[in-house]
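The values are calculated or read from the model by the stated rules, or taken from the named source; none is laboratory data. From a predicted model like this one, the values you see are computed outputs, not experimental measurements. Glycine also receives a Cβ, built like all others from the backbone with ideal geometry; neighbour counts cover every protein chain displayed. These accessible areas exclude ligands, DNA and RNA; they are computed on the full protein's heavy atoms, side chains included. Shrake-Rupley method; radii C 1.70, N 1.55, O 1.52, S 1.80 Å.
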Amino acid sequence: MSCLFCKIIAGEIPAKTVFQDQYLLAIEDINPAAPLHLLLIPRKHIAHTLDLLPEDDLLIGHLFRVAAGLAKERGYDESGFRIVTNTNADAGQSVFHIHFHLIGGRHLLWPPG
Ligand code: 5GP
Ligand code: ZN
């Protein structure tokens with residue numbers, strides 16, 4: 001298995017896991033871009049958004065609800081936060097196992113760079 005996030009899910013590479021259930025893991029990003037920077041990673045290996053199937057719809061909805069819950073739990077509900085996923089080169093995707101960044105704790109620029 002060569003996928004970094006599959007290895008983290010399998011426990012072969014350590015990560016700071018802040019939440020997990022049967023569908024996904026939420027871990028702290030190793031190189032945080034903001035005071036809050038978690039990665040929500042489905043246990044199922046899906047490369048990116050282009051590979052999502054209709055059967056993944058519930059998983060992704062669940063992931064967004066969990067992400068918002070984690071942001072609220074940490075006190076970022078009033079100030080706000082961003083949930084973002086990168087697809088392929090122009091978006092800067094570097095790990096090809098779908099994941100959603102949960103970022104907050106500072107004013108985020110829009111549009112992104
Ligand atoms: P992408 O660039 O694919 O959207 O996001 C990949 C993210 O994974 C980056 O924010 C990067 O800092 C993070 N990352 C890369 N390797 C590791 C790792 O080994 N552990 C953790 N926790 N995060 C990682
Ligand atoms: Zn994977």
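Tabulated data for the structure shown
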| item | result |
| --- | --- |
| Conditions (1) of a type in the set (D, E, K, R); (2) more than 22 Å from residue 23 (Cα to Cα); (3) loosely packed, with under 13 Cβ neighbours inside 10 Å: number failed by residue 77 | (3) |
| Unique residue being open to solvent by 20 Å² or more (accessible area, probe 1.4 Å), out of contact with any helix residue (DSSP H, G or I) (no Cβ under 7 Å at 6 or more places or on another chain), within 14 Å of ligand 1 (Cβ to nearest atom) and modelled with pLDDT under 95 when the list is 113, 92 | 113 |
| Residue list for the range 39-74, filter: hydrophobic (A, V, I, L, M, F, W, C), within 11 Å of the chain's Cα centre (by Cα) and either within 15 Å of ligand 1 (Cβ to nearest atom) or surrounded by fewer than 13 Cβ atoms within 10 Å (Cβ to Cβ) (or both) | 39, 40, 41, 63, 67 |
